[in-house]
Every structure is written in structure tokens, then in C-alpha cells.
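The values are calculated or read from the model by the stated rules, or taken from the named source; none is laboratory data. What you are looking at is a predicted structure, and each value in this text was computed from that prediction instead of being measured. Cβ atoms come from the backbone with ideal geometry, glycine included; neighbour counts cover every protein chain shown.
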Amino acid sequence: MGLMPRPDTTVTTYDPASHESWIATRLDFLVNWSRANSLWPMPFGTACCAIEFMATAASRFDLARFGMERMSFSPRQADVLICAGRVPFKLAPVLRRIWQQMPQPKWCISMGACASSGGMFDNYAVVQGIDTIIPVDVYVPGCPPRPEGLMYGIMLLQEKVKRERMGDTRLRQEIEPDPTSGLYIPPQAIDELSEPFGNSVHQTRSGL
Amino acid sequence: MSAPASFTPVMPGSAAPEAPAPTTPKRVPNRGGTPNPSAAAIAAQFPGAVVRTEVIWGETNVYVDRARVLDIVRWLHDDPSQRYDYLSDVTAVEFRDPEQPMQVVWHLRSLPYRRFLRLKAELPKGEPLEVPSVWSVYKGADWLERECYDMFGIRFAGHADLRRILMWEQYHEGHPLRKDFPLRGRFSRAEQLRQALAANPEARYSMEELTIAQAFEDIPEDMQRRLAKGERTGE
């Protein structure tokens, strides 16, 4: 009669012939890897950028390669809002509500010049950049961007997702708009962001 | 109100079968040319109502007294010798020259006679921007007049539901297509955004406006059967 020796817990034995498979990794890496490769887009297409977006999703450019073939036309099952096209002021509360309906974690791609800055529509009706309404992760330039451009933006977003740390709780906090003005960022910043670019002041006041 | 029992489509040119087949006009003069016969008919029917008539690029413009627009349009629509059965547009013109009065423009088309007529009414300076609504003649004028009101601030007397259509209801920067309206609007971008975000996009639309129940009597029979069986569309 004798006591069994206690098993050594510091050593793991692995018998290749048993065909057990397992993997050791960091949780951050695993979660971010799965998130980045299964981003479900919520297409918010309002203009010609949406046509390029459709081309991106179609067979030639094939968004399915990035795990994004499942267009989520409901914001509640979406991960990334792709705003493709200009957003008029009348649509601003709609876009904000769609963004607020999306669950965390969520990201936003502003596709094209109009969504990013108002583009050529520096007038009374168009929002001068959707970053004045909702936080934006990636801006894709172009008028409209080619599908390659959008895919480059998507890959940048994947890079961004892969660098997130789960310990950083600040990342996934919902940003509450200011209760009095309903704005995320101070009015002075919005006015500064919406300043006309280049010589567009002279274009609108041509002296005629 | 129920749908008419039988619907006979109007064939273009059916009222003037002896007229030659229409061709693409060539070398149309800028000014002058054959006026639309309806212009003279209006002048004969409504003495003193026609201010002037001009033919520009082959199309006839008839300037009329704005107070009698509704009578003229109703007559043009109802009279068997005119039969203007299609209102293609209601819009307005404001000129950069401050001396020139604003104009309201009605584009009328007569399918049976293959005629196109442009009615214009001038709004004198210093008087309220108001013209009679033709909504009682053409139901299609509803949104056209709302758009004209939204963009130019012209009131259409007799319109049942005159409110903004392109800009949101609470928009109070003015009427964007007026010459004194700055291109970027009157308020700062932050203020415009604050007001736009404060607007509730669903506030003005009542269930009556969004439901099909009220229009049930007017929709085709097969659609009625499908809806009665509980089929839902548009969701």
C-alpha cells in the first residue's frame, strides 16, 4: 500500500497520437481576430458612393473575402456602419438614431468626400462631415472611392480592430451627446470643421 | 371615394386624328413662331385676364392675371376644345434684377391635342406672395405646390395641406431658393446641426398618413383581396 505521487501540474503532456488539438493564445488576439474577420456592415447608402459600395460587395471585388458578405440591413445586428454618400440635415437625426441602435462593439466608415467633409455640397442642406453627428473610425477619400479604396479602408479598420485591448474599457463606452445641444463635439469645433476648404468662399460669392 | 368602374387611357393626339404625325421640330426660332392656339382661346374666353403672350423656342408662354389663374386652369382642364389633362410642373422664378417681379409658372400639357402651354403669373413687388391653388383641379399639384412653397415661400390659397416638403417642418431659416438666401444658410453650422438633430423625423407623420387603410377603397381589387388576407407590404 502506498500513496500515488501527486501529478506535476507545471508540466503538460501531449500525445500526438491522441489527435487532441488545442491552441494557446492571448484572449485579446483571439477576440480581435474574430471580430476583425466577421464585421457585418450596415450600409447607409445615400448617393453614388453606394453604387461603388454595391460593386465592392459584388462578385468581382467580393467583400466576402473579409467576412463582410452579410449585409446587415438592421442596425441591431450590425458591427460597422458604412455611410456611403452625402447626408442632408434632414437625414442627420436618422443617421444618429441608426448609430445609437447599433450594439457595441461598433465602428464607422465614412465613405467618400461628401460623407467625410460635405464634399462639393457646401450649402444649406448638407451636413459638413458625418463626424459632426457620430464618431468615425476610418475616412475613405474619393468621389466616389473605387472599390479598391473602400477595401483599403476596410483593411485599415481591421488593423484598428486588431490593435484594441480588452482591458481598455474606454474604447467601448457609448458616447452620450450633450443633453442641451444634442452634439457630440463642441459647437466651436463643428464650426471650425465646417469651414470651407480652399477657395470655395470665392466660388460662392462670385460677385455676380 | 371609389375607383372608377372602367378606365380608358387617353391616347396622345386622339382629339385631333386628322393632324399630321408629330415630328421633331427643326430650326426652332428663339422668339416668334406659331403660338399654341390655346393662348388665343384663353384671351377670348377671359377678356382682360391675359397680360401678354410670347413664343420662345417654339413654346407658348401666356402671362395671366394671378387672381384668375384658377378659373383659367379649370377651364383649360374641363373645356372639350382644350383638355389640358396633365399638369407637369408648378414652380416659380425669381430674377436677380430686384425690379423684376417674381413669377409662378404652371406647365400644362394636353395629351389629346398634343399641346404644351406654359402659364405664368407675375407677383408684383410689395404684395404678399400668394396665388390661387390649382389643387382642386389637379390633385397632382399637391406636392408641386408644397415644394414651391418650401423653396420660394409662395402661398397657394386653397391648398389643403400647405407645409414644407423638402426641408423639415421645423426649419425656419427661410426659403432656400430665394435670391436673398445665402447659399450656406443663415445660421452657423453648429446651430444648423443642433436644430436638425433636435427635429424628430417621425413627429409630423400621423398614422393616417402612413397607413393604407384610408386608401383601401381606392386601390385595385386584387390588392384589396391580398391585403384583406393579411398580406403586409412595405415592411
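With the requirement that a residue be of a type in the set (Phe, Trp, Tyr) and part of a loop (DSSP other than H, G, I, E, B), what does segment A:28-83 give you?
Passing the criteria: A:Trp40, A:Phe61, A:Phe73.
Is it fair to say B:Ser133 is in contact with an Asp or Glu (Cβ under 7 Å, 6 or more places away or on another chain), within 14 Å of chain A (Cβ to nearest Cβ), surrounded by 15 or more Cβ atoms within 10 Å (Cβ to Cβ) and small (Gly, Ala, Ser)?
no
Any chance segment B:98-107 includes a residue that's over 25 Å from B:Arg178 (Cα atoms) and assigned to a loop (DSSP other than H, G, I, E, B)?
no
Given the options B:Leu162, B:Leu123, B:Leu117, name the one that is touching a strand residue (DSSP E or B) at 6+ places or on another chain (Cβ under 9 Å), among the aliphatic types (A, V, I, L, M), modelled with pLDDT under 90 and surrounded by 15 or more Cβ atoms within 10 Å (Cβ to Cβ).
Within the list B:Leu162, B:Leu123, B:Leu117, the selection yields B:Leu162.
Kindly provide the set of residues from segment B:151-200 that are among the acidic types (Asp, Glu) and more than 8 Å from chain A (Cβ to nearest Cβ), ordered by number.
Across segment B:151-200, the qualifying residues are B:Asp161, B:Glu169, B:Asp180.
Restricting to segment A:86-105, what's the tally of residues that are of a type in the set (D, E, K, R) and surrounded by 22 or more Cβ atoms within 10 Å (Cβ to Cβ)?
1
With the requirement that a residue be more than 13 Å from A:Lys160 (Cα to Cα) and in contact with a strand residue (DSSP E or B) (Cβ under 9 Å, 6 or more places away or on another chain), what does segment A:32-47 give you?
Across segment A:32-47, the qualifying residues are A:Trp40, A:Pro41, A:Met42, A:Pro43, A:Phe44, A:Gly45, A:Thr46, A:Ala47.
Considering only segment A:84-109, how many residues are assigned to a helix (DSSP H, G or I), within 18 Å of A:Arg172 (Cα to Cα) and either among the polar types (S, T, N, Q) or in contact with a helix residue (DSSP H, G or I) (Cβ under 7 Å, 6 or more places away or on another chain) (or both)?
Residues in segment A:84-109 being assigned to a helix (DSSP H, G or I), within 18 Å of A:Arg172 (Cα to Cα) and either among the polar types (S, T, N, Q) or in contact with a helix residue (DSSP H, G or I) (Cβ under 7 Å, 6 or more places away or on another chain) (or both): 4 in total.
Restricting attention to segment A:125-149, report how many residues are within 14 Å of chain B (Cβ to nearest Cβ), out of contact with any Gly (no Cβ under 8 Å at 6 or more places or on another chain) and not in a loop (DSSP other than H, G, I, E, B).
Total meeting the criteria: 3.
Just to be sure I understand, how many residues within segment A:150-185 are more than 30 Å from A:Arg60 (Cβ to Cβ) and either in contact with a Gly (Cβ under 8 Å, 6 or more places away or on another chain) or hydrophobic (A, V, I, L, M, F, W, C) (or both)?
5
Residues in segment A:110-129: is at least one surrounded by fewer than 16 Cβ atoms within 10 Å (Cβ to Cβ) and touching a strand residue (DSSP E or B) at 6+ places or on another chain (Cβ under 9 Å)?
no
What is the residue count in segment A:48-86 for residues that are hydroxyl-bearing (Ser, Thr, Tyr) and closer than 21 Å to A:Val161 by Cα?
The number of residues fulfilling the criteria is 2.
Can you work out which of the residues in segment B:85-114 that are among the basic types (Lys, Arg) and more than 20 Å from B:Val50 (Cβ to Cβ) is modelled with the highest pLDDT?
Once the filter is applied, the top-ranked residue is B:Arg114.
Restricting to segment B:1-53, and then to whatever is surrounded by fewer than 10 Cβ atoms within 10 Å (Cβ to Cβ) and small (Gly, Ala, Ser), can you tell me which residue is modelled with the highest pLDDT?
B:Ala44
Select from segment B:34-49 the residues that are under 22 Å from B:Leu111 (Cβ atoms) and either in a loop (DSSP other than H, G, I, E, B) or of a type in the set (Ser, Thr, Tyr) (or both) and list them in ascending order.
B:Thr34, B:Pro35, B:Asn36, B:Ser38
Going by what's in this entry, would B:Arg96 be described as over 16 Å from B:Gly140 (Cβ atoms), out of contact with any strand residue (DSSP E or B) (no Cβ under 9 Å at 6 or more places or on another chain) and exposed (fewer than 14 other Cβ atoms within 10 Å of the Cβ)?
Criteria met by B:Arg96.
Results for (1) of a type in the set (Phe, Trp, Tyr); (2) modelled with pLDDT under 85; (3) touching a helix residue (DSSP H, G or I) at 6+ places or on another chain (Cβ under 7 Å), shown as yes or no for each residue.
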| residue | (1), (2), (3) |
| --- | --- |
| A:Gly153 | no, no, no |
| A:Leu156 | no, no, no |
| A:Glu159 | no, no, no |
| A:Lys162 | no, no, yes |
| A:Leu171 | no, yes, no |
| A:Ile175 | no, yes, no |
| A:Pro179 | no, yes, no |
| A:Ser194 | no, yes, yes |
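Go through (1) closer than 21 Å to A:Glu159 by Cβ; (2) more than 17 Å from the chain's Cα centre (by Cα) and name the single condition A:Trp33 misses.
(2)
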